[in-house]
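The values are calculated or read from the model by the stated rules, or taken from the named source; none is laboratory data. Predicted model, so just to flag it, every value in this text is computed and none were measured. In this analysis, Cβ positions are derived from the backbone assuming ideal geometry, glycine residues included, and neighbour counts consider all displayed protein chains. Heads up: the accessible areas ignore ligands, DNA and RNA and are worked out on the full protein's heavy atoms, side chains in. Shrake-Rupley method; radii C 1.70, N 1.55, O 1.52, S 1.80 Å.
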Amino acid sequence: MKKAVEIIKSGGLVAFPTETVYGLGADATNEDACLKIFQAKGRPAINPLIVHVSNLDEAKKLALFSDDALKLASLWPGPLTMVLPKSKQCNIANCVTAGLSTIAIRIPSHKIAQELITKSAKPIAAPSANKSGRISSTTLKHVIKNFENQLFILDNIESKAHGLESTIIDLTTTTPTILRYGFITPEIVEKILLKKVKIATTDSDIKAPGMLLRHYSPHTNLRLNASNLNEGEVGLNFDSSKLSSEFSLNLSPKGDLAEAASNLFSYLDELDEYCLLNNIATIAVANIPNAGIGLAINDRLIRAAAK
Ligand code: TXA
Ligand code: MG
């Protein structure tokens with residue numbers, strides 16, 4: 001941790017675990033440091049980053065909190081990102097917000113993430129720790145695979161991560177709009193705000209380039225909602241589905257969506273590696289119920305399957 005804090009303070013990059021996925025962090029107030037994130041990920045400069053802070057007071061220095069935003073802040077620390085108008089005194093580097101007048105903020109609950117932010121005494125800009133467009137990293141092994149030894153990585157000594165990136169909600173629109181599905185479901189948000197939210201669709205005004213259709217891509221093709229296994233496919237199962245090949249995995253044999261979400265990216269990565277080694281063209285994925293956390297899982301799968 002001591003070394004990680006020194007690196008952040010001196011304008012370097014640190015990969016660190018959060019309760020969602022691993023982040024690739026830099027001092028969000030340091031333009032040069034944050035430009036290194038875009039470079040390391042191969043991320044287009046138009047795609048802004050999430051700023052991670054340790055508590056609500058710090059968040060309020062960077063953004064304007066409406067009543068709705070304050071209500072949703074009850075879900076912090078946790079897997080929720082709010083897009084808010086920047087405050088006047090917001091000192092975040094320009095590249096982080098890609099020149100927008102809004103800022104995406106989150107307070108992570110993971111102990112290591114919290115400690116890194118608090119000890120560095122800086123807001124930390126961090127996208128997921130993967131190459132742009134690829135599967136987000138939920139394991140140390142996967143971070144290393146993406147960046148080899150280009151980076152300092154803080155290990156995860158905590159329990160298993162949720163496995164999917166945070167829910168993103170835009171509170172700068174008249175009706176709050178979910179830009180990215182996650183563990184905080186639309187129902188949870190509506191219960192707190194006591195009103196309906198909108199769901200951004202790909203043809204509406206896309207504000208989160210993470211919503212671009214092709215994303216989270218493995219090298220191997222995906223065939224979704226598979227009820228059988230064709231020749232030359234491996235299976236990714238859920239619940240009691242039986243797509244069994246020489247090598248198949250089950251996201252959650254007991255049909256638990258939270259468990260399935262936490263396994264999704266690492267299992268996709270494992271199957272992808274197996275397919276590449278064995279010259280297999282397609283991963284067949286069983287049907288996942290499209291409700292609750294299943295919305296977020298299917299969202300990631302549809303993007304991963306997009307050509
Ligand atoms: O769980 C997470 O959110 C993880 C961990 C590390 O915190 N981070 C993450 O970051 O998933 P990233 O960069 O992979 O996704 C951030 C998304 C992008 O789709 C980006 O376009 C959107 O947030 N975003 C950032 N600032 C925005 C803004 N001002 N308005 C709209 N979307 C924004
Ligand atoms: Mg990402």
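For region 226-307, what does the alpha-carbon gyration tensor say about shape, rounded, prolate or oblate, given a ≥ b ≥ c as the root eigenvalues, a/c under 1.5 as rounded, and a/b over b/c as prolate? Working shown, then result.
On the way: a/c = 1.74, a/b = 1.46, b/c = 1.19.
Because a/c hits 1.5 or more and a/b exceeds b/c, region 226-307 counts as prolate.
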Leaving out ligands and nucleic acids, note down the accessible area per residue over region 34-177 with a 1.4 angstrom probe, in whole Å². 42 Å²
In region 210-307, if the dipole is taken from +1 on Lys/Arg beta carbons and -1 on Asp/Glu beta carbons about the Cα centre, which of 264, 293, 278 is farthest to the positive end? 293
Which entries of 60/88; 9/119; 61/122; 141/254 have Cα-Cα distances beyond 18 Å here? 141/254
Distance between Cα centroids, region 1-38 to region 231-284: provide it in whole Å. 32 Å
Between residue 89 and residue 278, how high is the FRET efficiency from 1/(1 + (r/R0)^6) when r is the Cβ-Cβ distance and R₀ = 51 Å? Nearest 0.05. 0.35
About the Cα centre, and with charges only on the beta carbon of Lys, Arg (+1) and Asp, Glu (-1), how big is the dipole of the chain? Nearest 20 debye, please. 720 debye
With every protein chain in place, the chain: carbon and sulfur % of accessible area (1.4 Å): 52 percent
Separation of region 171-193 and region 73-107 by C-alpha centroid, Å? 16 Å
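In the chain, what percentage of the DSSP-assigned beta bridges are antiparallel, given to the nearest 5?
45 percent
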What net charge do the residues around residue 91 carry, taking every other residue with its C-beta under 14 Å from that of residue 91, with Lys and Arg at +1 and Asp and Glu at -1? +2
What's the extension gain from residue 244 to residue 174 if we count 0.36 nm per residue and subtract their Cα-Cα distance? 20.4 nm
At 1.4 Å probe size, what's the solvent-accessible area of residue 216? Round to the nearest 10 Å². 10 Å²
List every residue whose amide H lies under 5 Å from the amide H of residue 28, counting only residues 5 or more places away in sequence or on a different chain, with H placed 1.01 Å from N in the peptide plane. 124, 125
Considering amide H positions built from the backbone, and no H for Pro or chain starts, which residues 5 or more places from residue 63, or on another chain, come under 5 Å of its amide H? 87
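Could you work out how much longer the chain between residue 119 and residue 196 gets when fully extended? Use 0.36 nm per residue separation minus the Cα distance between them, nm to one decimal. Intermediate results must be reported in sequence, preceding the final value.
Values: separation 77, 0.36 × 77 = 27.72 nm, distance 3.86 nm.
Here the segment from residue 119 to residue 196 would lengthen by 23.9 nm.
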Taking square-rooted eigenvalues a ≥ b ≥ c of the alpha carbon gyration tensor, is region 96-141 rounded, prolate or oblate, where a/c under 1.5 means rounded and, failing that, a/b exceeding b/c means prolate? oblate
Rolling a 1.4 Å sphere over the protein heavy atoms, what is the accessible area per residue of region 227-307, to the nearest Å²? 44 Å²
What is the sum of charges, Lys and Arg at +1 and Asp and Glu at -1, for the other residues whose Cβ falls under 12 Å from the Cβ of residue 281? -2
Each residue of region 97-114 in turn: what ³J(HN,Hα) in whole Hz from Karplus with 6.51, -1.76, 1.60 and θ = phi - 60°, glycine and Pro shown as x? 9, 6, x, 6, 8, 10, 9, 9, 10, 8, 10, x, 9, 4, 4, 5, 4, 4
